[in-house]
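The values are calculated or read from the model by the stated rules, or taken from the named source; none is laboratory data. The structure displayed is predicted, hence computed values, not measured ones. Note: ideal-geometry Cβ built from the backbone for every residue, glycine included; neighbour counts use all protein chains shown. Areas reflect the complete protein model, heavy atoms only, side chains present, ligands, DNA and RNA absent. Shrake-Rupley method; radii C 1.70, N 1.55, O 1.52, S 1.80 Å.
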Amino acid sequence: LTQDDLKKIAAYKAVEYIESGMVLGLGTGSTAKHAVDRIGKLLRQGKLKDIVGIPTSNLDSHPVVDLAIDGADEVDPYLNLVKGRGGSLLREKMVEGACKKFVVIVDESKLVNYIGGSGLAMPVEVIQFCWKFTASRLQNLFQESGCVAKLRTLGEKAEPYVTDNGNYIIDLYFKQSIGDLKAASDSILQIAGVVEHGMFIDMATTVIVAGELGLIVKNK
Ligand code: DER
């Protein structure tokens, strides 16, 4: 089974949670895409009806979302997540924070022992003004964890990546666990210039993991 096969298996399992008439928040990553495709097929077959699918960017029209389905970059043993390597962490966090249920779909490669444990980025969305200063404050915050802060850039010219909200992303890389996530979150958000970060703490209600040995469903 390829990683994409596993993503599809997890996504199709999540779609089983959908009932006709629901307002859905749908994610934007490659795993969530399989869920969107599956929902489309069930709607065409008439197996699902009256679904309002709001892409992760339209809460004004539907302030209450019955169910959000989205991928993640990391999942720790307590169902805390890292999201945002696709750049949409702010809007995803807004929509998924407004949901009654938030079902996360991942292949087993996303499972970590602690947040940051993959050694890959934990994104922080920051305003463009004095981003270097903000990056150095973020790096200093987690120096005991061997944190390195890097501006996310695009292409050969290494232009700064700009989010849908016109902000920059500072990617944080940790060598060790940052310990208490809530405390880490509070200290990040207290820095003026920080908009939001990619740790989704205590937000997922269900995580569906597809692995070589089959599907695992973890409920909060
Ligand atoms: O939150 C994100 O941006 C992540 O990329 C997450 O959605 C996982 O994306 P993937 O399913 O394409 O790995």
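Going residue by residue through the stretch 125-133, is there one that turns out to be under 16 Å from VAL148 (Cα atoms), more than 12 Å from the ligand (Cβ to nearest atom) and charged (D, E, K, R)? Within the stretch 125-133 (the criterion being under 16 Å from VAL148 (Cα atoms), more than 12 Å from the ligand (Cβ to nearest atom) and charged (D, E, K, R)), the answer is yes, since at least one residue qualifies.
Considering only residues that are loosely packed, with under 15 Cβ neighbours inside 10 Å and either touching a strand residue (DSSP E or B) at 6+ places or on another chain (Cβ under 8 Å) or part of a helix (DSSP H, G or I) (or both), which ones fall in the stretch 122-144?
From the stretch 122-144, those loosely packed, with under 15 Cβ neighbours inside 10 Å are 128-130, 132-133, 136, 140, 143-144; that's our starting set.
GLN128, LYS132, PHE133, SER136, ASN140, GLN143, GLU144 - these are the residues of the stretch 122-144 that are loosely packed, with under 15 Cβ neighbours inside 10 Å and either touching a strand residue (DSSP E or B) at 6+ places or on another chain (Cβ under 8 Å) or part of a helix (DSSP H, G or I) (or both).
Could you look through the stretch 65-83, keep only residues that are of a type in the set (Asp, Glu) and closer than 18 Å to LYS100 by Cβ, and pick out the one that is least open to solvent (accessible area, probe 1.4 Å)? Spell out the reasoning first.
First, the residues of the stretch 65-83 that are of a type in the set (Asp, Glu): 66, 70, 73-74, 76.
If we keep only those that are closer than 18 Å to LYS100 by Cβ as well, we get 66, 70.
Values: ASP66: 38, ASP70: 2 Å².
For the stretch 65-83, the residue satisfying everything is ASP70.
On the basis of being within 24 Å of VAL217 (Cβ to Cβ), of a type outside the set (Phe, Trp, Tyr) and surrounded by 21 or more Cβ atoms within 10 Å (Cβ to Cβ), does ALA98 make the cut? Please lay out each step first, then the result.
Values: within 24 Å of VAL217 (Cβ to Cβ): yes; of a type outside the set (Phe, Trp, Tyr): yes; surrounded by 21 or more Cβ atoms within 10 Å (Cβ to Cβ): no.
Answer is no for this residue.
Restricting to the stretch 189-220, what's the tally of residues that are touching a residue at least 60 places away in the same chain (Cβ under 8 Å), under 16 Å from ASN140 (Cβ atoms) and over 17 Å from the mean Cα position of the chain (by Cα)? Talk me through it step by step, then tell me what you get.
Of the stretch 189-220, the ones touching a residue at least 60 places away in the same chain (Cβ under 8 Å) are 193-212, 215, 217-218, 220.
From what's left, under 16 Å from ASN140 (Cβ atoms): 193-194, 197.
When the remaining residues are screened for being over 17 Å from the mean Cα position of the chain (by Cα), the result is 193-194.
Of the residues in the stretch 189-220, 2 are touching a residue at least 60 places away in the same chain (Cβ under 8 Å), under 16 Å from ASN140 (Cβ atoms) and over 17 Å from the mean Cα position of the chain (by Cα).
The residue that is nearest to VAL75 (Cα to Cα), among those in the stretch 101-121 that are open to solvent by 40 Å² or more (accessible area, probe 1.4 Å) and within 11 Å of the ligand (Cβ to nearest atom), is SER109.
Conditions tested, residue by residue: (1) closer than 26 Å to ASP202 by Cβ; (2) in contact with a Leu (Cβ under 9 Å, 6 or more places away or on another chain); (3) open to solvent by less than 10 Å² (accessible area, probe 1.4 Å).
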position	(1), (2), (3)
LYS8	no, no, no
ALA11	yes, no, yes
TYR17	yes, yes, no
LEU26	yes, no, no
ARG38	no, no, no
GLN45	no, no, no
ASP50	no, no, no
LEU59	yes, no, no
PRO63	yes, no, no
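Answer with yes or no whether LEU90 is part of a loop (DSSP other than H, G, I, E, B), under 24 Å from HIS34 (Cα atoms) and more than 10 Å from the ligand (Cβ to nearest atom).
On the way: part of a loop (DSSP other than H, G, I, E, B): no; under 24 Å from HIS34 (Cα atoms): yes; more than 10 Å from the ligand (Cβ to nearest atom): yes.
Against the criterion (part of a loop (DSSP other than H, G, I, E, B), under 24 Å from HIS34 (Cα atoms) and more than 10 Å from the ligand (Cβ to nearest atom)), LEU90 does not qualify.
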